[in-house]
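Asks: Before anything else, here's the structure in question.
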Amino acid sequence: MNIVTLSDLKHMGKLGGYTIRLKRQIPFSYTNSILRQDFIEFTRAGVVDGEKKEITLREPYGRVMLEAIDTIMVNKTLVARRMPAGHLQLTGRGYRRVDRTTG
């Protein structure tokens with residue numbers, strides 16, 4: 001069973017092009033969530049000084065963020081999804097885990 005780890009998220013961020021969708025139970029919603037090398041980037045519309053602007057938030061990788069992710073996609077390919085048992089499992093498409101022994 002291939003369960004997604006924090007190092008997998010960081011590696012996906014380094015490769016680029018991976019997006020995530022958060023669980024519905026999370027009290028905030030973001031339209032675009034992109035994996036970056038050192039953080040997850042959330043983009044949404046907001047009001048700053050009375051003007052409507054696009055706001056970008058950066059959240060560091062951590063166990064809480066890993067548990068909040070529902071799906072991971074690259075292009076239109078589903079890479080990982082949250083299983084009923086509660087873990088985030090790789091689907092076998094769109095991402096190949098790096099062998100930690102050989103690099």
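Asks: Please compute the contact order of the range 6-90 in relative form: average sequence separation of alpha-carbon pairs under 8 Å and at least six residues apart, divided by the residue count, as a percent.
Replies: Numbers: 149 pairs, mean separation 22.3, N = 85.
Worked out over the range 6-90, it gives 26 percent.
Asks: Quick check on my link table: of Lys53/Lys76; Lys10/Lys76; Lys23/Lys76, which ones sit more than 22 Å apart, alpha carbon to alpha carbon?
Replies: Lys53/Lys76
Asks: If you take the charge dipole of the chain about its Cα centre, with +1 on Lys and Arg Cβ and -1 on Asp and Glu Cβ, which of Thr77, Gly46, Gly17 is farthest toward its positive end?
Replies: Most positive-ward Cα: Thr77.
Asks: Please give me the summed charge of the neighbours of Gln37: other residues whose Cβ is under 10 Å from its Cβ, Lys and Arg +1, Asp and Glu -1.
Replies: Values: positive: Lys10, Lys14, Arg36; negative: Asp38.
Taking every other residue near Gln37 into account, the sum is +2.
Asks: With Cβ to Cβ distances under 12 Å as the rule, what net charge do the other residues near Gly17 carry (K, R +1; D, E -1)?
Replies: Local charge sum for Gly17: +3.
Asks: Taking all pairs of distinct Cα atoms, average 1/r, flip it, and tell me the Kirkwood hydrodynamic radius of the range 6-90 in Å to one decimal place. Provide the component values of the computation, followed by the final result.
Replies: Details: mean 1/r = 0.0742 Å⁻¹.
This gives a value of 13.5 Å.
Asks: Near Lys14, which aspartates and glutamates are there with a Cα under 15 Å away, not counting those fewer than 8 places off in the same chain?
Replies: The reachable aspartates and glutamates, counting only those whose Cα sits under 15 Å from Lys14, are Asp38, Glu41.
Asks: Pairing the Cα long axis of helix 6-15 with the longest principal axis of the chain, what angle in degrees results, from 0 to 90 and rounded to the nearest 10?
Replies: 70 degrees
Every read-out reported here was derived from the displayed coordinates using simple, explicitly stated rules and does not represent laboratory data. Keep in mind the model is a prediction, meaning the values are calculated, not measured. Backbone-built Cβ (ideal geometry, glycine too); neighbour counts: all protein chains shown.
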